[in-house]
1. Restricting to the range 271-319, give me the number of residues that are farther than 18 Å from Ala201 by Cβ, loosely packed, with under 12 Cβ neighbours inside 10 Å and not aliphatic (A, V, I, L, M).
2. Could you pull out every one of the helices (runs of 4 or more DSSP H) wholly within the range 12-130 that has 2 or more residues that are closer than 18 Å to Met140 by Cβ?
3. Between residues in the range 53-71 that are touching a residue at least 40 places away in the same chain (Cβ under 8 Å) and closer than 23 Å to Phe109 by Cα and residues that are among the acidic types (Asp, Glu) and part of a loop (DSSP other than H, G, I, E, B), which pairs lie under 6 Å by C-beta distance while being six or more apart or on different chains?
4. For the range 135-142, does any single residue satisfy the condition of being of a type outside the set (Asp, Glu), touching a Cys at 6+ places or on another chain (Cβ under 9 Å) and closer than 25 Å to Ser12 by Cβ?
5. Looking only at the range 256-265, count how many residues are more than 20 Å from the chain's Cα centre (by Cα) and surrounded by 14 or more Cβ atoms within 10 Å (Cβ to Cβ).
6. Asp292 - would you say it is without any contact (Cβ under 8 Å) to a residue 40 or more places away in the chain and either under 21 Å from His172 (Cβ atoms) or in a helix (DSSP H, G or I) (or both)?
7. For the range 71-87, which positions are in contact with a His (Cβ under 8 Å, 6 or more places away or on another chain) and more than 14 Å from Gln51 (Cα to Cα)?
8. Check the range 79-101 and report whether any residue there is crowded, with 22+ Cβ neighbours inside 10 Å, touching a residue at least 12 places away in the same chain (Cβ under 8 Å), closer than 22 Å to Ala247 by Cα and touching a Cys at 6+ places or on another chain (Cβ under 6 Å).
Amino acid sequence: MTPKAPTTSHLSPRITDDGSFSLHSAEFAEGFHSRRGALLEARCTYVRPAQLERFGAGEELTLVDVCVGLGTNSAALLEAAAPLGIRLRWFGLEVDPAPLALALAQPCFRRQWQPALGLDLLQQLQNSGRWLSSHGRGEMLWGDARGQIETLLKQAAGRCDLVMLDAFSPRHCPQLWSQEFLAALSGLLAPRGRLLTYCSAAAPRRSLAAAGLQLAALRSKATNPEAEAGDDLGDDLNGAWSAGTVAGPQLEPTSRWWRPLSAMEREHLLSRAGESYRDPAGRAEASSILADRLRAQALSGAEPASAWRRRWGLPGGAR
């Protein structure tokens, strides 16, 4: 599918605290990355928990980048995989070519990447929507990810080693956190595959569990992007909260990069905050999905999120 012509009026450049380039979206009222660092987030949330050392030299890793944006996550992963001799079979889902085009127009962004690795990947994707090199091959599926997921499932169902989910937060982009879309992403995973995301919200976690995936919490507190209030608590509560989610059909319960969900997080899933976003037809507007969820929460017999927060001594109200 040919991407729409890029428009950048809703995007503004931002240099994050680690010196790497990012963007802020006025449309979604969110940054693309954590203010602590775009590269820091890519490495801590996606590259390191992928545990590339699981793969031997000459092996091919199949991955899907959901909401490619500037391409930071994929470029960082490629630059970590190439020295290990790992080839990538890459798929990208993205609706808007503007972020990548705007980023590649910035010399500071281009300098972040090795010319024959990350920069080559991103430049090829901008030019043709495809990527081919000695380090792998890939294609961008332009358009609403909900409309492209069936195409992707036909090519890669049950074969993906890694799914990187980096959509805007559920409050602003519920379409890509719905029970239906997350179930489709779960269907891409190989038995030892992993879905990685910055998001710690209860509703997506419950939906991933409903899809049959095992859940764990990312340990690092340095990776949280600007998500909805209450989902960006980091590890400040003695490790009771997390900086993201790891999910997979056969997930080791703990590692250097993740840990089991805390008691607080498990109770969070059972509260009204865990009410899933629903989009059965895959075409609903964000406002409709949010309104339907509010109605479902009001009818739910589950504990209100406000009561859960009070019990755990957390700030903020119900959502």
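Just so you know, all these numbers are worked out from the coordinates, no wet-lab data involved. Predicted model only: the values in this text are computed from it and were never measured. Ideal geometry is used to build each Cβ from the backbone, glycine not excepted, and the neighbour counts take in all protein chains shown.
1. 8
2. Working: elements: 38-41, 72-81, 98-104, 107-110, 118-128.
Ranges flagged: 72-81, 98-104, 118-128.
3. These pairs meet every condition: Cys67/Asp166.
4. Taking the range 135-142 and keeping what is of a type outside the set (Asp, Glu), we get 135-138, 140-142.
Then drop every residue that is not touching a Cys at 6+ places or on another chain (Cβ under 9 Å), which leaves none.
Checked the range 135-142: no residue is of a type outside the set (Asp, Glu), touching a Cys at 6+ places or on another chain (Cβ under 9 Å) and closer than 25 Å to Ser12 by Cβ.
5. The total comes to 2.
6. Values: without any contact (Cβ under 8 Å) to a residue 40 or more places away in the chain: yes; either under 21 Å from His172 (Cβ atoms) or in a helix (DSSP H, G or I) (or both): yes.
Yes: the conditions hold for Asp292.
7. Passing the criteria: Thr72, Arg87.
8. No, the range 79-101 contains no residue that is crowded, with 22+ Cβ neighbours inside 10 Å, touching a residue at least 12 places away in the same chain (Cβ under 8 Å), closer than 22 Å to Ala247 by Cα and touching a Cys at 6+ places or on another chain (Cβ under 6 Å).
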